[in-house]
Amino acid sequence: MKIDRLIGILSVLLQEEKVTAPQLAEKFEVSRRTINRDIEDLCRAGIPVVTLQGAGGGISIMNGYRMDRTLLTSKEMQVILAGLRSLDSISGSSYCSRLMEKLKTGSSDFVSGRDWMLIDLSSWDKSSLAPKIEKIQTAIEKRNLLGFSYFSPKGESLREIEPYYLIFKWTSWYVWGWCSIREDFRLFKLNRMTELQISEEKYEPRPVPLPDLSAERIFPGEGRIEAIFQPDMRWRLVEEFGPESFETLPEGKLFFSADYSDDENLLSWLLTFCDKVEVLSPSSLREKMKDSITKMGEVYG
């Protein structure tokens with residue numbers, strides 16, 4: 001992508017006193033004419049790039065405007081590298097890694113030491129997730145509508161959206177876009193989407209509010225659960241809700257209390273604890289637990 005190449009060229013110019021167009025063309029695997037156009041674009045963007053013809057000439061940034069490479073420390077650069085590698089983890093490609101290799105070429109003093117941070121954003125369903133992300137990214141860049149089947153607790157529906165943002169939150173991937181059915185912005189979970197298709201129809205970008213990703217907004221509290229967990233379930237409560245979510249009773253059991261937004265999701269979560277939990281309140285949820293357990297008993301005889 002052109003923007004990535006422009007960033008790469010700028011990085012080289014910030015690190016080198018002078019470089020030639022043929023050298024840049026070889027490094028970024030494009031023609032010299034493309035490099036010349038890229039230099040013109042950098043100049044139009046306000047970067048004071050100077051070109052000198054003849055022997056000893058080359059391309060450089062005007063004296064007095066050169067960025068001090070210590071602006072980014074080695075540790076900070078490693079964080080940037082880790083972030084870019086994490087994007088490769090969802091696509092199965094090494095595009096971002098190749099870009100960063102070009103950025104740090106000849107700058108061993110700038111990017112030194114061993115990698116100390118690895119981030120993998122892929123899910124267990126990576127084989128189907130990566131193509132979805134690629135399609136959504138293409139639709140966002142080209143301003144094409146997206147169509148798909150969507151599965152939610154309320155059932156299955158066909159949706160068409162104007163996609164604006166890919167979001168990684170709560171260990172899952174989402175797309176934020178304008179839904180033609182709801183006539184409003186909505187957040188859609190990628191793992192609930194099937195038959196994803198890029199429409200040939202374009203859309204005119206509208207003012208896009210950034211999504212409110214707070215837990216209070218996405219999972220508004222509709223009630224409060226109180227339950228008693230067995231002591232050996234402490235690790236799960238710590239992992240999923242934090243150590244402040246419960247208190248240890250004198251006999252060692254764990255008193256748990258938290259807001260919840262959806263009965264069905266909460267019920268499914270509670271059933272994973274089998275006989276390690278007893279719901280105290282609300283009474284309606286306690287009755288649903290009893291009913292589910294009774295039906296399970298009928299299934300298994």
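Read-outs: derived from the displayed coordinates by stated rules, not from any lab. For clarity, every value in this text was computed on a predicted model and none was experimentally measured. Cβ sites come from the backbone with ideal geometry, for glycine too, and all protein chains shown count toward neighbours.
Name every residue in the stretch 223-247 that is in a strand (DSSP E or B) and either at positive phi or in contact (Cβ under 8 Å) with a residue 12 or more places away in the chain (or both), in order of residue number.
Across the stretch 223-247, the qualifying residues are Gly223, Arg224, Ile225, Glu226, Ala227, Ile228, Phe229, Phe246.
Restricting attention to the stretch 250-269, which residues are touching a residue at least 12 places away in the same chain (Cβ under 8 Å) and surrounded by fewer than 13 Cβ atoms within 10 Å (Cβ to Cβ)?
Correct list: Gly252, Glu264, Asn265.
Of the residues Lys276, Lys290, only one is charged (D, E, K, R), in contact with a helix residue (DSSP H, G or I) (Cβ under 6 Å, 6 or more places away or on another chain) and free of Cβ contacts under 8 Å to residues at least 60 places away in the same chain; which?
Criteria check complete, one pass: Lys276.
Scan the stretch 17-39 residue by residue and report those that are within 18 Å of Asn63 (Cα to Cα) and surrounded by fewer than 17 Cβ atoms within 10 Å (Cβ to Cβ).
Scanning the stretch 17-39 gives Glu17, Lys18, Thr20.
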